[in-house]
Amino acid sequence: MMFFGRKQELEALNRLLGLNCANLVVIKGRRRVGKSRLIKEFAKPFKSYQFVGLPPYQNMTAQDQRNEFIRKFKEQFDYPEFQSNDWGDLFTILAKQCQHDRIIITFDEITWMAHDDPTFLGKLKTVWDTHFSNNSKLILILCGSISAWIDKNILSSTGYLGRPSLHMTIEELPLKDCNKFWPIHGSEISAFEKFKILAVTGGIPRYLELIDHRVSAEDNISKLFFSKDSPLYDEFKFIFTDIYGKKSGKYQEIVKFLSSKIASREEILQFLKLQSGGEFTEYLDDLQVGGFIEKDYTWNIKTQAISSMCHYRLKDNYTRFYLKYILPNKVKIEKGLLTDISINNLPGWQTILALQFENLVNNNHNKILEILGISGVDVIMANPYFQRATSRQHGCQIDYLIQTKQDVVYICEIKFSREPITTNVISEVREKINRVAMPKHISRRAVLIHANGVSDSVIESDFFVKIIDFSQFLQG
């Protein structure tokens with residue numbers, strides 16, 4: 001299996017090799033985003049051992065997890081038969097086998113490993129202090145998909161304060177690395193066809209590995225989703241049940257609401273018919289930390305102060321596609337009635353494509369700066385921007401706005417269309433520019449980001465300082 005991207009993540013891990021001390025590393029991220037694959041790539045040159053928690057099931061006990069740990073331990077160390085009902089003993093036995101040489105140990109899906117045993121993390125911390133840390137060449141990696149649990153119980157825990165040498169959140173692959181999943185005849189496949197695939201997979205490596213580049217995007221999507229035996233047909237259920245357990249229903253309600261629109265906290269509260277408070281805040285925070293939704297802040301261009309106003313949007317393309325087209329059609333799919341469906345016949349498909357396109361661009365926002373030649377150190381703020389209507393100003397929403405220290409604001413319009421974009425876009429963007437409240441000394445420059453071409457009249461108008469083709473996001 002080929003390994004693409006993750007250059008910065010590998011560099012961060014490799015820097016630990018130069019330190020003369022044991023290192024505790026925390027890696028978290030959405031299911032299927034490539035956490036385990038990254039660790040495997042990093043650990044290739046070294047002696048390494050991996051322990052993976054069992055997925056939760058009915059009536060599972062803490063001893064079931066310990067027994068699985070023992071099984072993997074005996075398998076990897078050729079160790080004689082033994083039993084234990086204490087994590088402290090198990091960690092100590094492992095540490096004594098790893099006292100010398102460069103060794104990488106991974107506890108994968110650590111939240112599953114710790115299932116039903118509140119002493120798990122405390123005993124791991126004690127054995128880290130007394131045994132693991134004695135080997136200055138040892139790296140212990142704690143990895144998991146339940147990012148909120150890791151934040152709360154490890155990264156924000158006083159017991160682990162100062163112990164992790166590195167903590168990283170693995171995000172979707174940038175588009176330039178996604179492009180490498182079309183290795184054969186990749187240059188002959190249009191950016192638009194690749195976009196149709198990315199509109200349902202996002203930058204999730206495992207989903208991209210399933211692409212058959214010999215057939216069309218439509219055939220790929222049909223095979224990946226629209227049969228009960230398709231590899232991505234039931235993926236959503238596993239994601240939310242595995243990560244959020246018994247509370248998964250509320251989390252699903254939130255992402256379903258956000259699958260059609262961006263919304264404020266108050267709008268989500270009203271939809272769920274809940275009271276504002278800690279539990280609701282936890283739902284939103286967990287989904288954000290898990291990589292499913294994004295919290296977009298706006299700001300005052302004049303004062304540069306971040307506003308208390310924020311909107312939430314669904315940022316995971318697979319999740320939106322599933323909620324819009326798989327979940328409502330489950331009965332038909334299970335009866336085999338949609339195996340030959342064309343995505344172009346899906347209701348509202350063009351509207352959903354537009355939302356997915358905005359996600360891809362926003363999830364790769366650093367590429368906008370690169371194409372525009374803007375250095376990150378010169379950016380005051382860059383984000384989707386919105387302005388509430390008052391008696392003194394109009395309301396407006398900008399797909400992406402960049403404010404720089406050079407007193408320039410770039411108003412980026414992200415436009416999806418199957419046909420070349422016409423000059424209608426100019427009046428739309430001009431209206432938005434006129435609505436944005438900003439000081440007179442600020443220069444305003446319009447940028448257009450498109451998926452499938454623009455008309456000659458748009459180019460000739462010279463209205464946009466830069467017209468960015470989606471294919472530029474795929475370039476290295």
| query | How big, on average over all directions, is the shadow cast by the Cα convex hull of region 7-170, in nm²? | reply | 9.3
| query | Rounded, prolate or oblate: which one fits region 171-241, using the alpha carbon gyration tensor with axes a ≥ b ≥ c (rounded when a/c is under 1.5, else prolate when a/b beats b/c, else oblate)? | reply | oblate
| task | With viscosity set to 1.002 mPa s and temperature to 20 °C, compute the Stokes-Einstein D of region 185-339, Rh being the Kirkwood radius across alpha carbon pairs; µm²/s, no decimals. | result | 123
| query | Percent relative contact order of region 24-95, based on C-alpha pairs within less than 8 angstrom and at least six residues apart? | reply | 21
| Mean projection of the alpha-carbon convex hull of region 15-79 over all orientations, in nm²? | 6.4
| Over the chain, with a single point scatterer placed on each C-alpha, what log10 of the ratio I(q)/I(0) does the Debye formula yield at q = 0.13 1/Å? | -1.33
| message | Using only the alpha-carbon atoms, how far is helix 278-289 inclined from the longest principal axis of the chain? Give it as 0 to 90 degrees, nearest 10. | response | 80
| query | Relative contact order for region 174-363 using alpha-carbon pairs under 8 Å, separation at least 6, rounded to a whole percent? | reply | 27
| message | Kirkwood Rh over alpha-carbon pairs of region 277-418, then Stokes-Einstein at 10 °C and 1.306 mPa s: what D in µm² s⁻¹, rounded to an integer? | response | 89
| Enclosed volume per residue, in Å³, of the convex hull spanned by Cα atoms of region 364-474 | 107
| task | Pairs to check: 40/194; 7/123; 44/237; 223/324; 194/256; 28/315. Give those whose C-alpha atoms are more than 22 Å from each other in this structure. | result | 40/194; 7/123; 44/237; 194/256
| Square roots of 5 times each gyration tensor eigenvalue, C-alpha, region 397-453, largest first, Å | 23, 12, 8
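Here, each number is a calculation from the coordinates, and none is a lab measurement. Every value quoted in this text rests on a predicted model; they were computed, and no experiment measured them.
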